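Since every read-out is calculated from the coordinates, none of them should be taken as a lab result. No experiment lies behind these values; they were computed from the predicted model shown. Note that we place each Cβ from the backbone using ideal geometry, even for glycine, and neighbour counts take in every protein chain shown.
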């Protein structure tokens, strides 16, 4: 079972560059989330989606954008990368009560 | 926004000791979840709780859904080196669908 798949696993960006973090799930879950986890810290919610075509801001949405054109995919876009966006990014999906996480994308902005 | 207060933030214990951690909130929850995150990995579900007062075990781990529905506890008995990691509580507030996460408890074990 693939579950939640994130790509890439690692990326180094220069300040001002843009990139898209990909997340796809094959469990037909409606809810999907993007979190960031700074070193030694917990999870902070960036954006979430309750279904295709519907997205909403979490705690720390500034500097990010998302889209949800299909149930399976929930990409996270960084338009102008900044050093403060250096973090590990986790995508998760859930239906009912259990959330499933991807393996994470480690992003460094230099 | 909704807040889950998880404590302690970190623990340093000897192998073989028991561990206790908890999450509290001012909101009423109808689901509590406990996750573990190994270094370099995403969080993985350990225990799910669905009813106030519920006590559920998973091996050496035991979690309880608080009677007030505003808190939950996780206990680990006889800790071993592979218990090292970050433990997160999560929950679904009554009337909401979105999950909220605690800040995590980082567990370090000295052999």
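Return the only residue of B:83, B:71 being surrounded by fewer than 22 Cβ atoms within 10 Å (Cβ to Cβ) and more than 24 Å from residue A:59 (Cα to Cα). Spell out the reasoning first.
Numbers: B:71 fails: more than 24 Å from residue A:59 (Cα to Cα).
Unique residue meeting the criteria: B:83.
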Residue that is nearest to the other protein chains (Cβ to nearest Cβ), among those in segment B:38-61 that are closer than 19 Å to residue A:102 by Cα and in a loop (DSSP other than H, G, I, E, B):
B:42
Pick out, from segment B:64-111, the strands (runs of 3 or more DSSP E) lying fully within it that include 3 or more residues that are over 14 Å from the mean Cα position of the chain (by Cα).
B:105-110
Any idea how many residues of segment A:21-51 are in contact with a strand residue (DSSP E or B) (Cβ under 7 Å, 6 or more places away or on another chain) and either buried (at least 23 other Cβ atoms within 10 Å of the Cβ) or part of a strand (DSSP E or B) (or both)?
20
Scan segment A:68-93 for residues that are within 14 Å of another protein chain (Cβ to nearest Cβ) and in contact with a helix residue (DSSP H, G or I) (Cβ under 9 Å, 6 or more places away or on another chain) and jot them down.
none
Can you tell me which residues in segment A:40-59 are more than 12 Å from the chain's Cα centre (by Cα) and more than 11 Å from chain B (Cβ to nearest Cβ)?
A:52, A:53, A:54, A:55
Among the residues of segment A:94-108, what is the count of those that are facing chain B (nearest Cβ under 9 Å), under 18 Å from residue B:98 (Cα atoms) and part of a strand (DSSP E or B)?
5
